[in-house]
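FYI, it's all coordinate maths here, none of it is from the lab. Predicted model, so just to flag it, every value in this text is computed and none were measured. Here Cβ is always computed from backbone atoms with ideal geometry, including for glycine, and neighbour counts include all displayed protein chains.
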Amino acid sequence: MNHYETIFIVGPDTPETDQDSIFEKLKSMISEAGKLIMFDDWGTRKFAYEIRKKKQGRFVRLDYCGEGVLVDEIERLFRLDYRILKFMTVLLAKDVDPESLVVVEDEPEATPEAKPETKETEDTSSTEEASDEAVETETTETESATEE
């Protein structure tokens, strides 16, 4: 199986129920002929330029494993559906074991107590003290030079 990434844009005027039906259809197509690694919804974003007289759209990224026939079928679906504004598929790797691809989870945010904030504030205060001493040294040297 090959590892693919497909990014597509759904029109902003598409109702939420229609968007969900598109997503479910894609997920079922991929699970039948391959393996879905990640379904990443980036949300609605503004375009750099108008696409089909639209100024924004909903971006979605699919990360999956499958054969070329699956990619052809997905792109065929995109071409036929007027609600899909743009799409792009990229081959990431050939002959990949889908079980070896693991979805990378975001690390849980640490609690404020666990963060060493006190150490950072101590470091910045010592740096400020050192710079204040340097300024004082410079001013005394210039004052003594003008007195002579």
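Going through the cross-link list LYS35/LYS55; LYS25/LYS54; LYS54/LYS94; LYS27/LYS94; LYS55/LYS94, which pairs have a Cα-Cα distance over 29 Å in this structure? Going by Cα-Cα distance, LYS35/LYS55; LYS54/LYS94; LYS55/LYS94 fall outside the 29 Å limit.
How much net charge surrounds LEU70 when only other residues with a Cβ under 12 Å from its Cβ are counted (Lys, Arg +1; Asp, Glu -1)? Don't skip to the answer; put the middle values down first.
Details: positive: LYS35, ARG76; negative: GLU32, GLU67, ASP72, GLU73, GLU75.
That works out to -3.
Extension gain, VAL96 to MET38: 0.36 nm times the residue separation minus the Cα-Cα distance gives 19.3 nm. Charged neighbours of VAL60, selected by a Cβ distance under 15 Å, balance to -3 (K, R count +1; D, E count -1). Taking the three principal axes of the alpha carbon atoms in region 1-65, the coordinate ranges are 37, 24, 17 Å, sorted in descending order.
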